[in-house]
2 protein chains.
Amino acid sequence: MGITERKERERESRREAILDAAQKVFFEKGLSTATVDEIADLAELSKGTIYLYYRSKEDMYLAVILRGEAVMRNMFEKAISTGESTVKLILNIAEAYYAFFKEQRNYFRMFSFFETPQFHKQVSEEMLNQCVAADEKTWSIVVNLISQGVREGILHSHIDPKQFGIIVWATATGIYRQMDTNSEYWHKVMGINLEETLRLSYSLLLESMMTDTAKEEYKGLLRLQ
Amino acid sequence: MGITERKERERESRREAILDAAQKVFFEKGLSTATVDEIADLAELSKGTIYLYYRSKEDMYLAVILRGEAVMRNMFEKAISTGESTVKLILNIAEAYYAFFKEQRNYFRMFSFFETPQFHKQVSEEMLNQCVAADEKTWSIVVNLISQGVREGILHSHIDPKQFGIIVWATATGIYRQMDTNSEYWHKVMGINLEETLRLSYSLLLESMMTDTAKEEYKGLLRLQ
DNA sequence: CATATTTAATGACTAATGGTCATCAAATAA
DNA sequence: TTATTTGATGACCATTAGTCATTAAATATG
């Protein structure tokens, strides 16, 4: 009796089709100005049907965020799958996050939105947990890499990989956010090139994380000032 | 003919009274779930009147943000008005930003909201410019302080005060945001105390910014690891 | 003081929109 | 062939941002 299985597949693919439409609309309009009617139109379904597959507009938004997290994680996994040295992998993953920011701007923006207590209140716990789990997976990639660096003596052993991960992440994200929202302001009014700021912050962080022997060994790779 | 002046004053105080109500409602409910009707009720005015004073709900939200910026700036100005050494003033201002985060959480949350391109689109240019101007004032306090540190030989002369300002700001804000949204997660699941992370990031940044002589001189003040 | 004019405030109204539910149609089971 | 379950629909409801004709009060004018 493969009927239930077929139906389950059909249900899943419809869910995805709805999410395709939702993603397109959210990318164009953002959460508050996107309308469920427009999503339904684009998906060529009635509004009622949308609500058979998702509890609310906010839940759909989170489902799209979940996709973005998968995209980012794939980029990260690719970045560390090259079999290179740990220092190079750290640089790769930093580059991958920057590439994600540049190439997947829409997802990046949705992430910022997600990071507010207000939004958490408007969303089903179920979806929220899924997102947290996805976040955790990506996060563990970063922390494992730092831990590996510590084990190999490349990074100072007194550092806590998790704490350094948070700091690096917070710094990069904060600078990206400025790039996204106020790049023109920083450039035209303040004469600041934020890419330079980003490079500087990487230098500082690597400088404070890496052991002297590793710095010496990877000098060429790092081009530290 | 003091009538126009009196009327102007009355108009201004009504604007403030409306904003008092708006602030209360926004603090409680956030932008999307707050209603203009509720603001009007609380202000004991009709909804129509509200719209004689503010163009939109979003503009009111920005006006409250503007208040928050003033509060923060006052805290900063107080922090650097003690006539202490520049190193101490830098520590004071870092403390002031943390105090703002802890004591004025509602404003802090609104700030995050403000920092999205989506929101910028929904708001009058007039209000936006006011906010940018307010931001700039606060920003210049920080940058001036760093510049002063460079002039006095306390901070490395090769650093660009603006770029360092951005990095410090981005790091602190990113960590605060984690504290606000995911503190429990970091603590219970990851065993991370974000206050420690914050201290660590300050250490790193000061370590990389300060000259060796200054570090020696202000050892006691800094308690660098 | 009486009347005309300007200004401020109102709240009923509109349009938009998130979400629901009785109804229908198609697939599946009996 | 008929009964039952499942899936989809769109008219409908409630809420809410924003408008505007109307009213009331304040001010200016004669």
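Overview of results
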| read-out | value |
| --- | --- |
| Trypsin sites (Lys or Arg not before Pro) restricted to region B:132-225 and DSSP loop, no more than 13 other C-beta within 10 Å | B:ARG223 |
| Neighbouring partner chain Cβ atoms per residue of A:174-181, average, 10 Å criterion | 5 |
| Accessible area in square angstrom per residue, region B:129-225, 1.4 angstrom probe | 48 |
| Using a 7 Å Cα-to-Cβ projection, B:VAL36 label spacings across copies, nm, ascending | 2.3 |
| Net length gained if the chain between B:SER81 and B:LYS29 were fully extended (0.36 nm per residue, minus Cα distance) | 15.1 nm |
| Qualifying GluC sites (Glu not before Pro) in region B:1-82, DSSP loop, other Cβ atoms within 10 Å at most 15 | B:GLU44 |
| Theoretical gain in end-to-end length, B:ASP20 to B:HIS120 [0.36 nm per residue, Cα-Cα removed] | 33.7 nm |
| Under the span-like rule (Cα at least 15 Å along the axis, Kyte-Doolittle mean at least -0.5), DSSP H helices of chain B | B:57-79, B:86-103, B:125-151, B:194-209 |
| Portion, in percent, of the accessible area of the protein assembly as shown that falls on carbon or sulfur, probe 1.4 Å | 50 |
| Cα-based Rg of region B:1-54 normalised by 2.2 N^0.38 Å, two decimals | 1.26 |
| Label-point separation, B:GLN130 to B:TYR51 (7 Å along Cα→Cβ), nm | 2.0 |
| Förster radius 41 Å - calculated FRET efficiency between A:LEU221 and B:LYS102, Cβ distance, rounded to 0.05 | 0.50 |
| Among A:SER140, A:PHE100, A:SER208 - extreme Cα towards positive end, dipole of chain A, charges at beta-carbon | A:PHE100 |
| P(r) tail fraction, region B:137-225 - alpha-carbon pairs more than 16 Å apart, % | 60 |
| Region A:103-120-region B:174-213 distance, computed between alpha-carbon centres (Å) | 22 |
| Set of aspartates and glutamates near B:LYS215 by C-alpha distance (under 14 Å), chain-local residues within fewer than 8 positions excluded | B:GLU152, B:GLU207 |
| Helix-only CD estimate at 222 nm, as mean residue ellipticity for the protein assembly as shown, using -39500 (n - 2.57) per DSSP H run (n ≥ 4) | -26500 deg cm²/dmol |
| Volume in Å³ per residue [convex hull over Cα atoms, computed for the protein assembly as shown] | 185 |
| Principal axis box of chain B, alpha-carbon based, largest edge first, Å | 63, 54, 28 |
| Inter-copy label distances at A:GLU8 (7 Å, Cα→Cβ; nm, one decimal) | 7.3 |
| Per-q log10 I(q)/I(0), region A:175-222, q = 0.24 Å⁻¹ (Debye; single scatterer per alpha-carbon; no solvent) | -0.80 |
| Where B meets A: accessible area buried, both sides, 1.4 Å probe, Å² | 3900 |
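The values are calculated or read from the model by the stated rules, or taken from the named source; none is laboratory data. Please read these numbers as outputs of a predicted model, since none were measured by experiment. Quick reminder, even Gly has a Cβ in these numbers, built from the backbone with ideal geometry, and neighbours come from all protein chains shown. Areas reflect the complete protein model, heavy atoms only, side chains present, ligands, DNA and RNA absent. Shrake-Rupley method; radii C 1.70, N 1.55, O 1.52, S 1.80 Å.
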